[in-house]
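Down below is the structure, laid out as structure tokens.
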Amino acid sequence: MQINFQILWLRLRAYIRHLFGAWNTRGEGIHSPYLFYLTNSLLWDDNAFYCWKAIEQQRALFQSNTQELKVKDYGTGNLGKEVDIRRVCDIANTSLEKPEVAQLFFRWLVFLSQQAQKPLTIFELGTSLGITTSYLAKPHSRNRVITFEGSKEIAHQALQLWQRLGIDNIELKIGNIDSTLSGALSGNKVDFAFVDANHTYDATMRYVHQLLKHIHPKTIIAIDDIHYSEEMEQAWYELQQLPQVTTTIDFLHVGVLFFDPHYIQKSYRIKLKKHPLI
């Protein structure tokens, strides 16, 4: 396998910059009460929720599953070309979101559900095996999660996972997101979105701009792998400059956009606390 040393250096540079420049002060210096609560409470909460153990057990099963799948991959600009036969364990070990990120989303959505006192509409662009989707769906059974996956065989694995976990508030859209996203967005407001699909500049910007037509001031959009490549870093830089965006947080692996006009216009780097695996 050919090693791209330029990409490795880019990611190492991002890690070093984050290591020495990120906040870990439990919210000190963050002026918005909501963002202070996020860093002081949600990030540092060591309590494990009831459903995490079951989800992480399923992650472990995926990581040891050697079943081979014929995958259509839209995630790196392949346009649905049948690129490979991939084992479930390889997908699980390379494509699934880190537990600490998915569990932060879970805490966040518990808090947002309590604040909104109504069902939330959550979009996930890039289902993969459905582990992160499970974390997005579990905070409240009345919330609606709409998730998008290009590969039918990977989507089938996700559907089986949600059946095992007893989750029934997920709508799965199979196919190229460029063909399925606009129809799913029609008539909906986005409360929370996680963009983890085609990790290219063009696709990331296209997806976010589509989501922006359906946001409100309390909407949160999270972008995965913002330091994955130079073009993803460029996309993250440009997204932070959008006039609708007020505050942003760089968690190294994930960047988060806020749109509330009451927030101070500022960009933060914050260290994401690793919690013990359950």
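Remarks
- Overall form of the stretch 164-278 per C-alpha gyration tensor (a/c, 1.5; a/b vs b/c): rounded
- FRET efficiency estimate (nearest 0.05) - Cβ-Cβ, A54 to E153, R0 22 angstrom: 0.40
- Where the stretch 119-278 is the region considered: accessible area per residue in Å², 1.4 Å probe: 40 Å²
- Of K72/K189; K53/K266; K72/K271; K72/K98; K98/K152; K72/K118, pairs whose Cα-Cα distance is over 32 Å: K53/K266; K72/K271; K72/K118
- Surface share of carbon and sulfur [accessible, 1.4 angstrom probe, percent] for the stretch 141-221: 47 percent
- DSSP bridge pairs, the stretch 130-278: antiparallel proportion in percent, nearest 5: 40 percent
- For the stretch 182-232, trypsin sites (Lys or Arg not before Pro) meeting the loop criterion (DSSP other than H, G, I, E, B) and having at most 13 other Cβ atoms within 10 Å: K189, K213.
- Cβ crowding within 10 Å averaged over residues, with 41-50, 256-265 ranked highest first: 256-265, 41-50
- With 0.36 nm allotted per residue and the present C-alpha distance subtracted, the Q160-Y268 stretch has 35.1 nm of extension available.
- The label-point distance for N47 and K98, in a model that sets each label 7 Å from Cα toward Cβ, rounds to 2.4 nm.
The values are calculated or read from the model by the stated rules, or taken from the named source; none is laboratory data. Only a predicted model underlies this, so the values are computations on that prediction, with no experimental measurement involved. Methodologically, a virtual Cβ is constructed for each residue, glycine included, from the backbone with ideal geometry; neighbour enumeration extends over all protein chains shown. Ligands, DNA and RNA are stripped out before the accessible areas are found, and what is left, the full protein with its side chains, is counted by its heavy atoms. Shrake-Rupley method; radii C 1.70, N 1.55, O 1.52, S 1.80 Å.
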